[in-house]
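**Q** Before I ask anything, here is the structure I am working with.
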Amino acid sequence: MTVNNASTGLVLVGLGPGGMGGMTVDAVAAARNADHRWYEAYTALWPEDDVVALEQEVGPIERVMRPDIEEPERLLSLARTSKVALLVVGDPLQATTHVDVQLRAADAGVPCTVVHGVSVTGVVTGGAGLSNYRFGRQTTLTYPHGSWIATSPLHVVHSNREAGLHTLVLLDLDPTGAGTGHQQPMRPSDALQSFRLMAQKVVEQGEGPSPAELDGWTVVLCSDVGTRDERYVTTTVAGLEHEAGGRLNCLLVPAAVDGIEADAIARWRR
């Protein structure tokens, strides 16, 4: 972190995965010392009770959605004359959305500093017991929108498996795709439905795993990682139908495992 002692400017503050216990001392101080605090509530979410508790500790917090971040004129205007903290769940630079804000601030001549936070992407792999060295490209499983079904997430997972690599699969938060509210974090059963729709589509295109093959893949369901409610379940893609999950979920799709990795994920098998 580069400390910015100026009275104006933008600070991108990583909140960690959930609750003030997961925030760094610098993150709490940056939020408390800001004139304005914006909580970005569309790329990831804290439980609302935790947001309220943070607000009681550091001062009023404004909830903002995708339009205010992707078109940040109001944000940058405030930061020209005051200190603004943009509060982001996890680490603020894990999403290109916030890197874009950083670049726009530089173009606008607005000082911008970063307070990094713990990200689920750095915690979940080792937490489940898989080696970080064996992970390939990560992906996000999206909700289908009408007749539109993205197949790229399945291609990523399949390609990684073929190469002997594990995959971190983040799950969508927004059934509308608009990023303007009404967030509904994807449940395990939603993820199963999306996977199956993708498999049907890639089979029609003559590529990728069949729905039956996909159903048998081992997955580790990771719920509320980094919080007091953290939980792992090792099951199959088909088995997701019977899992409730937590507030926020993601999946690990392992390639073939043996030794320590196999023993580690066997701990979570139902």
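Every number here is computed from the coordinates shown, using simple stated rules; none is lab data. Every value quoted in this text rests on a predicted model; they were computed, and no experiment measured them. Note: ideal-geometry Cβ built from the backbone for every residue, glycine included; neighbour counts use all protein chains shown.
**Q** Using the number of other C-beta atoms within 10 angstrom as an exposure proxy, rank Cys222, Cys250 with the fewest first.
**A** Details: Cys222 28, Cys250 22.
Listed from fewest to most nearby Cβ atoms, that is Cys250, Cys222.
**Q** From Cα coordinates alone, what are the radius of gyration and Dmax values for region 33-145 in angstrom?
**A** My reading of the Cα-based Rg and Dmax gives 15.9, 47 Å.
**Q** Still on this structure, please answer the following. Once label points are set 7 Å from the Cα along Cα→Cβ at both Ser7 and Ser147, what is their separation, rounded to one decimal in nm?
**A** Using points 7 Å along Cα→Cβ, the separation is 5.9 nm.
**Q** Could you check the simple spin-label distance between Glu241 and Ile260, using points 7 Å along Cα→Cβ, in nm with one decimal?
**A** 3.7 nm
**Q** Send over the semi-axes of region 143-201's equivalent ellipsoid, whole angstrom and largest first, taken as the square roots of 5 times the C-alpha gyration tensor eigenvalues. List each step's numbers first, then the result.
**A** Values: eigenvalues 102, 34, 19 Å².
Ellipsoid semi-axes (Å, largest first): 23, 13, 10.
**Q** Follow-up question, since we're still on this one. Hey, rough spin-label estimate for Asp107 and Asn132, points 7 angstrom out along Cα→Cβ, what's it come to in nanometres?
**A** 3.3 nm
**Q** Using only helices, what value at 222 nm comes out for the chain when you add -39,500 (n - 2.57) per DSSP H run of length 4 or more and divide by the total residues, to the nearest 500 deg cm²/dmol? Present the calculation step by step, with values, prior to reporting the outcome.
**A** Details: 10 runs with 97 residues, N = 270.
After summing the helix terms and dividing by the residues of the chain, the value is -10500 deg cm²/dmol.
**Q** Would you work out which of Gly117, Ser82, Val58 lies farthest towards the positive end of the dipole of the chain? Charges go on Cβ: Lys and Arg +1, Asp and Glu -1.
**A** Gly117
**Q** Another question, then. FRET efficiency for Arg267 and Glu213, Cβ-Cβ distance as r, R0 = 22 Å, nearest 0.05?
**A** Details: r = 26 Å, r/R0 = 1.17.
Here the calculated transfer efficiency is 0.30.
**Q** A further question on this structure: Return a whole-number percent for the relative contact order of region 121-266, with Cα pairs under 8 Å and 6 or more residues apart as the contact set.
**A** 28 percent.
**Q** Extension gain Gln184-His155, at 0.36 nm per residue separation less the Cα-Cα distance, in nm? Walk me through the numbers on the way to the answer.
**A** Values: separation 29, 0.36 × 29 = 10.44 nm, distance 2.47 nm.
That works out to 8.0 nm of additional length.
**Q** Find the Rg to Rh ratio for region 121-266, where Rh is the Kirkwood radius over alpha-carbon pairs and Rg uses the same atoms. Spell out each step's value before the answer.
**A** Working: Rg = 14.6 Å, Rh = 15.4 Å.
Rg/Rh for region 121-266 comes to 0.95.
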